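**Student:** Here it is, the structure in full.
The values are calculated or read from the model by the stated rules, or taken from the named source; none is laboratory data. Being a predicted model, the structure only gives us computed values, none of them experimental. Heads up, the Cβs are rebuilt from the backbone with ideal geometry, glycines too, and the neighbour counts pull from every protein chain shown.
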Amino acid sequence: MSVGGKYVTAFTGGVIKSGFKNIGKIAIDTNPGAGDYTTANFVGGVLETYDSTGYIIITNTTDAGIVGRPTGNNTGTAPGSTPTFWVSPTKDDAGFLYLVNRLPFTQDSGEIPFTDATWAANWLRTAGFWSTYLTPILSLDAANYSGSGNWIDSVSGNEFTLYNSPAWSSGNGGYFTFNAASSQYAETTTSLPDLNNWTISVWHYYTGTNVGSNPTILTEIFPGLTSNINYSLGINYTSSLTSGFFNGGWQVTTDYTLTQNNWYYIVGTYDGTTLKMYVNNTLVASGNYTGSPISSGSGIRLMRRWDLPDYWGGRLATVDIYDQAIDSTKVTSIWNSTKSRFGL
């Protein structure tokens, strides 16, 4: 598996096959366990130059006619009975969707054409087709809120209780407004597994109405004096916004100051060595620390500090957590596909 977990070689019966070069391809087996994916029969005419231009999907259904078939001769839509290679025009969410919507079996999804890369990747896995396209392990989007009750994570069903009634609005596709003066926040008592590498991201409208000295937008709950915080985005005993974790001491990025009354796409990542924070598709802060953060195991809070009643005010539209550190290409891809929703 290459950096970011986005490009993976072929597999049979769920086992990754040895002997394949990672050259920017996503392989999806449409008949797990039945294909003959050996180096001679599989890699064939795939050109390494496509690693820098786009994704490649290689499929094998009723016709395994892929030996020596040059990739360039099979771009675009191929006959449903003999799919071989497709190459996407770009290596981003749009390129992934371009490929998935050309696979013959996706007609069974009921979602053709797919318009969301995360949904497409999740459907492929759920339906028994293989894809390691990088997707969140927790995802909240106010656009999907039912209008009452808890805010539910679309990946694993974690329920976030909305304390003191933050208001939901249909504007910008859907968002919640958290009034810090009214102690409004959201929380789930279900924690994710320990994440040695991670990404946390939010679409947030900053109003500058925070209450307390160390409010956070997203954090694990800190249940006691000997506990840890796997990830946190907020004022983590710093002067302004940082991203990082607590493992007996705070390991955070440098500070960044937001301007009031603006929408921001904020991303924090940790790859085991370097902490990074992106704001609106720009790397704005970083920090170095080599080690493994540890989960507190007590849940996740939104718009409130990890322990004390310090609150972060403003709007919150989306929250995503990944179990890997996404790279700048992925940040740009998400930014480009979502910014118009927020007038950017």
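**Student:** Checking Thr188 against (1) touching a Leu at 6+ places or on another chain (Cβ under 8 Å); (2) buried (at least 21 other Cβ atoms within 10 Å of the Cβ); (3) farther than 23 Å from Val279 by Cα, only one condition comes out false. Which one?
**Tutor:** (1) is the only condition that Thr188 fails.
**Student:** Now, a different point. Please find, among Thr253, Thr269, Thr242, the residue that is under 25 Å from Asp153 (Cβ atoms) and touching a Lys or Arg at 6+ places or on another chain (Cβ under 9 Å). Working first, answer last.
**Tutor:** Details: Thr253 fails: under 25 Å from Asp153 (Cβ atoms); Thr242 fails: touching a Lys or Arg at 6+ places or on another chain (Cβ under 9 Å).
So the residue among Thr253, Thr269, Thr242 that is under 25 Å from Asp153 (Cβ atoms) and touching a Lys or Arg at 6+ places or on another chain (Cβ under 9 Å) is Thr269.
**Student:** Please work out if Ala180 is buried (at least 17 other Cβ atoms within 10 Å of the Cβ) and of a type in the set (Gly, Ala, Ser). Before you say what the answer is, go through the steps one by one.
**Tutor:** Working: buried (at least 17 other Cβ atoms within 10 Å of the Cβ): yes; of a type in the set (Gly, Ala, Ser): yes.
Judged against the criteria, Ala180 is a match.
**Student:** Only one residue in Thr259, Thr254, Thr274, Thr329 is in the same structural domain as Gly174 (by TED's automatic domain parsing) and at pLDDT below 95. Which one?
**Tutor:** Working: Thr259 fails: at pLDDT below 95; Thr254 fails: at pLDDT below 95; Thr274 fails: at pLDDT below 95.
On inspection, the qualifying residue turns out to be Thr329.
**Student:** What residue, of Thr238, Thr219, Thr259, Thr269, is touching a helix residue (DSSP H, G or I) at 6+ places or on another chain (Cβ under 9 Å) and either β-branched (Val, Ile, Thr) or not in a strand (DSSP E or B) (or both)?
**Tutor:** When all the criteria are applied, what remains is Thr269.
**Student:** Since Trp203 meets every condition but one in (1) buried (at least 20 other Cβ atoms within 10 Å of the Cβ); (2) farther than 17 Å from Leu258 by Cα; (3) of a type outside the set (D, E, K, R), which condition does it not meet?
**Tutor:** (2)
**Student:** Taking the stated definitions as given, is Val319 over 19 Å from Ser240 (Cβ atoms), crowded, with 16+ Cβ neighbours inside 10 Å and in the same structural domain as Thr209 (by TED's automatic domain parsing)?
**Tutor:** Spelling it out, Val319 is indeed over 19 Å from Ser240 (Cβ atoms), crowded, with 16+ Cβ neighbours inside 10 Å and in the same structural domain as Thr209 (by TED's automatic domain parsing).
**Student:** Restricting attention to segment 277-305, which residues are at pLDDT 95 or above and in contact with a Pro (Cβ under 6 Å, 6 or more places away or on another chain)?
**Tutor:** Arg305
**Student:** Would you say Tyr175 is assigned by TED's automatic domain parsing to the domain that holds Asp310 and under 23 Å from the mean Cα position of the chain (by Cα)? Break it down into steps so the answer makes sense when it comes.
**Tutor:** Details: assigned by TED's automatic domain parsing to the domain that holds Asp310: yes; under 23 Å from the mean Cα position of the chain (by Cα): yes.
Criteria met by Tyr175.
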